[in-house]
Ligand SMILES: [Zn+2]
C-alpha cells in the first residue's frame, strides 16, 4: 500500500478506475460490460487496452463523502461480508501473526458489492458483519491506495504505517464503491455488534 498524498478525484459517473494507457475513467454504466467480475482483465472502451485490475489508476469518487473526514470515519459503522459464520472468532485465533491481525472493512454497499464480486453475481448465502471501532482507536491521518494483493485475513509487513500506534487506516479499494472508502484495522480494536446470514442479491451494479 502506498500513501495517497494526492488523491485523484474521478467524475461522478465513473467507478474510479482509470485506464493505465489512455487515462479514461470506466463509466458506471459500462461497468457490467467491461469487467465487473474481471479478474483477468478490464477492457478500456476508449482505447481498447486490456489491463489487469491492479494496473488501473485508482481514484475516489464523490470527494465530499464524509469518510474523508477522519472523525466521521472513526464513528462510522463498518461492514465485512464473508462466507464464514465464524469470521469474528477466526480472526481472533491464537497463532496468527502476533501483533496485528488486520481486517478489511467497508461501508455496507461496498461489502455487498465485494461479496457479489466474489460470487460472480450468483445468489449464494453469506454472513454480513457489522463492526464498530473501539472508542480509543486513533485513525492514521493518511488515506492509502490498495495497490497490491491481499491474503485472506492478514497482511504482509510492507505497510507504511505502524498499527501499534494507529490501529486503523482508511484506504481506497481496487473496486471501491463510488463515493466510498474502506478501512484496514487491527481486529483486536473492533467490536462486532451484529452479524446475520444473507443471500447475495444478483442485481447490484
Ligand atoms: Zn484506454
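Taking every residue in the stretch 21-32 that is under 14 Å from residue 51 (Cα atoms) and pairing it with any residue that is assigned to a helix (DSSP H, G or I) and within 7 Å of the ligand (Cβ to nearest atom), at least 6 positions away or on another chain, yields no pair with a Cβ-Cβ distance below 6 Å. Determine whether residue 137 is at pLDDT 85 or above, closer than 20 Å to residue 189 by Cβ and either over 15 Å from the mean Cα position of the chain (by Cα) or surrounded by fewer than 16 Cβ atoms within 10 Å (Cβ to Cβ) (or both). So residue 137 fits the description; yes.
Restricting attention to the stretch 177-205 and to residues that are touching a strand residue (DSSP E or B) at 6+ places or on another chain (Cβ under 6 Å) and at pLDDT below 80, the residue that is farthest from residue 117 (Cα to Cα) turns out to be 179. With respect to the stated conditions, residue 123 fails to be modelled with pLDDT of 85 or more and buried (at least 17 other Cβ atoms within 10 Å of the Cβ).
The values are calculated or read from the model by the stated rules, or taken from the named source; none is laboratory data. Predicted model only: the values in this text are computed from it and were never measured. Positions of Cβ are generated from backbone atoms using ideal geometry, with glycine treated the same way; all protein chains shown enter the neighbour counts.
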